[in-house]
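Here the structure comes first, spelled out in structure tokens, and everything after it is commentary.
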Amino acid sequence: MAERRPIESWLTDMDGVLIHEGVPIPGADAFLKRLRESGKPFLVLTNNSIYTPRDLHARLSRMGLDVPVENIWTSALATAQFLDDQRPGGSAYVLGEAGLTTALHDIGYILTDQEPDYVVLGETRTYSFEAMTKAVRLIRGGARFICTNPDETGPSPEGPLPATGAVAALITKATGKKPYFAGKPNPLMMRTGLNTLGAHSETSAMIGDRMDTDVLAGMEAGMQTFLVLTGLTTSQDIDRYPYRPSHVADSIADLVDLV
């Protein structure tokens, strides 16, 4: 195997890597501090489209983690950039929260339920039968179906919650149309993030806690991948997949000295 070039930029997942159920993971603050001091480009990624980068910056700050707004990259931002590239100045019917609607407003999209170009499905805690019915009818009427991410469940202190991928499956069943997913594991989210940094995949690394999203997306985008075992994946899970991470670490604390 050819020797990899030194890592000059870092992408890291948020949940399961830096925080877990609203609590910082030991070593996360030291890792972020080392990144800021190094001057190396970096992004904190999340498939969750509920919050804007400003919201996430504030939430992380309250936990004692300093991540500048410009260093946060969400599936909502990746979705908005994809739509802006595909159909600038278009229109969309949105099922989602402020993170998604703000991202679409910022690229000049019109949010409407009257003959939209797209139905865009994102994360929300208030999915309504009326809104899903409207989405089904618009897609059957010709609107293109886009989804921020394929995660079928999300974490909560009480246990798993139905997430975007599960609702997308319902809409697909009712329409016969599968969505285009912009978030992980689509390497599009990684590539748009790298473009935002002005970074190259050959000298970039992705840190995540999930084999099926973080490691897969990073690998397919051509980056080195680091799997940490503080989230959903255990060391026993790794061999179940037909691909492997470049490196495995117990936690983000083990990666501080690599920056």
In vacuo Debye scattering of segment 1-111, one point per C-alpha: log10 I(q)/I(0) at q = 0.10, 0.11, 0.20 Å⁻¹?
-> -0.35, -0.42, -1.03
Most positive-pole-ward Cα, Gly176, Val94, Gly193, against dipole of the chain from beta carbon charges = Gly176
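Roughly how big is the chain's charge dipole about its Cα centre, with Cβ charges of +1 (Lys, Arg) and -1 (Asp, Glu), in debye to the nearest 20?
Values: 23 positive and 32 negative charges, 127 e Å.
For this selection, approximately 620 debye.
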Share antiparallel - DSSP beta bridges, the chain, percent rounded to 5 | 10 percent
Could you name the lysines whose alpha carbon sits less than 22 Å from that of Lys178, not counting residues in the same chain fewer than 8 places away?
-> Lys134
With everything on Cα atoms, drop me the angle between helix 28-38 and the longest principal axis of the chain, reported from 0 to 90° to the nearest 10.
-> 80 degrees
What accessible area per residue comes out for segment 151-259, rounded to a whole number of Å², with a 1.4 Å probe?
-> 47 Å²
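Where the accessible area of segment 28-115 is counted over protein heavy atoms with a 1.4 Å probe, how much of it, in %, is carbon and sulfur? Working shown, then result.
On the way: 1760 of 3940 Å².
Using a 1.4 Å probe with all protein chains present, segment 28-115 comes out at 45 percent carbon and sulfur.
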Value of [θ]222 nm, deg cm²/dmol, for the chain, DSSP H segments ≥ 4, -39500 (n - 2.57) each, nearest 500 | -9500 deg cm²/dmol
Take the chain, connect every pair of alpha-carbon atoms lying under 10 Å apart with a spring to form a Gaussian network, then pick out the residue of Ala217, Ala78, Ala98 with the largest mean-square fluctuation.
-> Ala98
FRET efficiency for Arg87 and Thr133, Cβ-Cβ distance as r, R0 = 30 Å, nearest 0.05?
-> 0.75
Summing +1 per Lys or Arg and -1 per Asp or Glu among the other residues with Cβ less than 10 Å from Gly90's Cβ gives 0
Considering only protein heavy atoms, with the full assembly of protein chains and a 1.4 angstrom probe, order Ile110, Ile139 by accessible area, largest first.
-> Ile110, Ile139
Please give every one of the lysines within straight-line cross-link reach of Lys40, meaning a C-alpha to C-alpha distance under 25 Å, and leave out same-chain neighbours fewer than 8 residues apart.
-> Lys184
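Using the Cα centre of segment 144-228 as the reference point, and only Cβ charges (+1 on K/R, -1 on D/E), how large is the resulting charge dipole? Debye, rounded to the nearest 20. Intermediate results must be reported in sequence, preceding the final value.
Details: 7 positive and 8 negative charges, 98 e Å.
That gives a dipole near 460 debye.
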Net dipole in debye of segment 10-147 [+1 Lys, Arg Cβ; -1 Asp, Glu Cβ; about Cα centre; nearest 20] | 80 debye
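Keeping every protein chain in place, order Phe129, Phe145 by accessible area at 1.4 Å, biggest value first, i.e. largest first.
Working: Phe129 165, Phe145 15 Å².
Output order, biggest surface exposure first: Phe129, Phe145.
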Would you tally the net charge around Asp13, using a Cβ to Cβ cut-off of less than 9 Å, leaving Asp13 out, and scoring K and R as +1, D and E as -1?
-> -1
In degrees from 0 to 90, rounded to the nearest 10, what is the angle of the helix 164-175 Cα long axis to the longest principal axis of the chain?
-> 30 degrees
Please label the shape of segment 9-55 as rounded, prolate or oblate, based on the square roots a ≥ b ≥ c of the eigenvalues of the alpha-carbon gyration tensor (a/c under 1.5 means rounded; beyond that, a/b larger than b/c means prolate, else oblate).
-> oblate
Beyond 16 Å, what share of the Cα-Cα pairs of segment 119-235 remains, rounded to the nearest whole percent?
-> 65 percent
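Using only the C-alpha atoms of the chain, find the volume of their convex hull and express it per residue in Å³. Could the numbers behind the result be given before it?
Values: hull volume 33.7 nm³, N = 259.
Measuring per residue, one finds 130 Å³ for the Cα hull of the chain.
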Mind grabbing the accessible area of Phe181 for me, 1.4 Å probe, Å², rounded to tens?
-> 60 Å²
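The values are calculated or read from the model by the stated rules, or taken from the named source; none is laboratory data. Everything quoted here is computed from the prediction, not taken from an experiment. Heads up, the Cβs are rebuilt from the backbone with ideal geometry, glycines too, and the neighbour counts pull from every protein chain shown. Remember, those area values only see protein heavy atoms, side chains included, never the ligands or the DNA or RNA. Shrake-Rupley method; radii C 1.70, N 1.55, O 1.52, S 1.80 Å.
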